[in-house]
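The next block holds one structure in the form of structure tokens; read it before the comments.
Just so it is clear, none of the values below were taken in a lab; they were calculated from the coordinates. Quick caveat: nothing in here was measured; it's all calculated off a predicted structure. Neighbour counts run over all protein chains shown; Cβ positions are idealised from the backbone, glycine included.
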Amino acid sequence: MTRSEMLFSEAVKVIPGGVNSPVRAFGSVGETPRFIASAKGAHMTDVDGNTYLDFVGSWGPMILGHNHPAVLEAVLEACQEGLSFGAATEREVEMAELICSLVPSIEMVRMVNSGTEAVMSAIRAARGFTGRSKIVKFAGCYHGHSDSMLVKAGSGVMTGGIPDSTGVPEGCTRDTLTAVYNDLKSVEDLFAAFGSEIAAVIVEPVAANMGVVLPEKGFLEGLRKICDTYGSLLIFDEVITGFRLSLAGAQGYFGIRPDLTTFGKIIGGGMPVGAYGGRKDVMELIAPCGPVYQAGTLSGNPVAMAAGLAQLRLLRDTPDFYEDLNHTGDVFFEEMKKVLREAGKPWQINHIGSLGCIFFTKEPVSNYAQAKTSDTKAFAEYFSYMLRQGVYLAPSQFEAMFLSAAMTEEELRQVLETFQNYLKQSQS
Ligand SMILES: Cc1ncc(COP(=O)(O)O)c(C=O)c1O
């Protein structure tokens with residue numbers, strides 16, 4: 001028995017499913033979670049001493065690699081000053097100013113502790129501002145685990161086979177309308193029926209919780225237009241894409257201005273952080289400025305702010321950071337496509353910048369229904385092979401591969417070679 005197996009057998013007795021978040025379970029790929037002991041740069045090491053090239057990167061935030069010296073130093077320095085004050089600090093102002101300066105649509109921003117909280121709060125703000133109740137989301141988009149968003153959600157809800165969660169009263173999701181990703185007609189139909197009741201459309205501008213699904217040309221622009229026509233707000237959930245595709249996130253990448261934006265883990269450099277922000281006239285409704293209540297004891301925590309500030313400043317100040325990382329991603333995923341073609345496999349690679357995924361299906365994937373045609377057994381086989389060769393992928397077909405700037409060309413070349421070897425011996 002490995003130490004990971006031993007720990008897992010202990011964990012299941014005291015933690016539901018042995019993990020503190022369902023996406024960490026390796027159930028859908030028939031494996032035992034590897035318990036991680038440490039991480040540095042592009043690599044993680046488990047408690048059995050196995051080292052992996054990490055394509056999860058804590059689900060996005062480790063874009064610079066693990067424990068970047070500048071981030072680590074900032075955290076250690078902040079720790080000397082105190083771990084939590086529950087009071088205003090200078091770093092919070094610096095963080096808010098930094099985010100506002102980098103993302104043009106954000107005029108005011110409020111820090112929270114997770115992506116879930118950011119989305120929940122942005123929705124409340126949108127409802128408060130418009131005086132309307134309904135929210136449009138897209139099937140396969142995941143926006144955290146708040147009650148009203150657990151409708152046709154992607155991520156762990158998808159592989160877990162839970163269509164919706166039990167424990168969510170019907171009343172909580174009554175105002176959540178679901179449209180089809182990349183299908184403007186499905187959105188127009190909802191607006192034709194409920195337009196004057198819709199507070200906001202929330203979307204992952206690049207969907208990354210049903211595998212990676214790119215917005216087709218005109219889709220995001222179309223959402224902007226529909227929202228403007230009906231006086232609804234457009235919320236970009238940039239928990240994955242924020243500070244990943246560009247300094248101004250997917251909105252900068254595609255040139256669309258949402259009314260509100262949600263951010264998550266990446267702005268904490270690995271610490272538990274989230275934020276929501278956008279138009280001043282909407283954000284000024286948030287308490288104590290206005291009547292929309294939202295609060296948090298640990299929000300803007302000084303250690304988390306120090307980590308986030310160090311990371312965001314590095315991203316801002318490293319010349320050509322995004323050009324280089326996005327180019328590396330393009331080359332890598334295009335090479336994966338080539339390897340598939342050469343092996344005569346009909347599967348799909350979707351990618352943008354440093355995000356990508358393989359779908360084990362013949363069909364191009366541009367929405368949730370198409371994503372679900374992927375052969376999850378084939379994914380599990382591929383996952384296990386790669387893991388044993390030291391490549392740590394997300395343990396689910398419906399998640400993204402995250403590249404980090406710490407990965408070298410040589411390491412990525414080796415991954416392609418491993419992928420090639422896998423295809424040679426694969427039965428699928
Ligand atoms: C797009 C998106 N929104 C919201 C969330 C929820 O964030 P958190 O897990 O920090 O609550 C996630 C989580 O990965 C996400 O991918």
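Side notes on the structure shown:
- Extension gain for Glu334 to Ser196 (0.36 nm times residue separation, less C-alpha to C-alpha distance): 45.3 nm.
- Label-to-label distance for Ala369 and Leu298 is 4.1 nm, based on points extended 7 Å past Cα in the beta-carbon direction.
- Estimated inter-spin distance, Val12 and Ser84, nm [label 7 Å along Cα→Cβ]: 3.2
- Ascending count of other beta-carbon atoms within 10 Å, so fewest first, for Glu10, Glu197: Glu10, Glu197
- For Glu284 and Asp147, a Förster radius of 35 Å and the Cβ-Cβ distance give a FRET efficiency of 0.85, rounded to the nearest 0.05.
- In the chain, helical runs assigned H by DSSP with n ≥ 4 each contribute -39500 (n - 2.57); averaged across all residues and rounded to the nearest 500, the mean residue ellipticity at 222 nm is -12000 deg cm²/dmol.
- Dipole of the stretch 69-317 [Lys/Arg +1, Asp/Glu -1 at C-beta], most positive-end residue of Pro169, Phe194, Leu72: Phe194
- Gyration tensor (alpha-carbon) shape descriptor, the stretch 171-329, a/c threshold 1.5: oblate
- Between Glu410 and Asn67, the distance separating the two model label sites (each 7 Å from Cα on the Cα→Cβ line) works out to 2.1 nm.
- Positive-end residue, the stretch 69-317 charge dipole about Cα centroid, Cβ charges, pick of Ala139, Gly115, Phe129: Ala139
- Residues Met108, Met1, ranked from the fewest to the most other C-beta atoms within 10 Å, line up as Met1, Met108.
- Net charge dipole size for the stretch 31-149 [Lys, Arg +1 and Asp, Glu -1 on Cβ; Debye, nearest 20]: 780
- Toward the positive end of the charge dipole of the stretch 69-317, with +1 on the Cβ of Lys and Arg and -1 on the Cβ of Asp and Glu, the farthest Cα among Ser148, Ile106, Ala248 is that of Ser148.
- Cα-derived Rg to Rh of the stretch 1-128, Kirkwood definition: 1.04
- Gyration tensor over alpha-carbon atoms, the stretch 69-317, equivalent ellipsoid semi-axes in Å: 30, 19, 18
- Cleavage-rule hits (trypsin sites (Lys or Arg not before Pro)) in the stretch 197-294: DSSP loop, at most 14 neighbouring Cβ within 10 angstrom: Lys217
- Fewest-first ranking of Tyr276, Tyr322, using other Cβ atoms within 10 Å as the exposure measure: Tyr322, Tyr276
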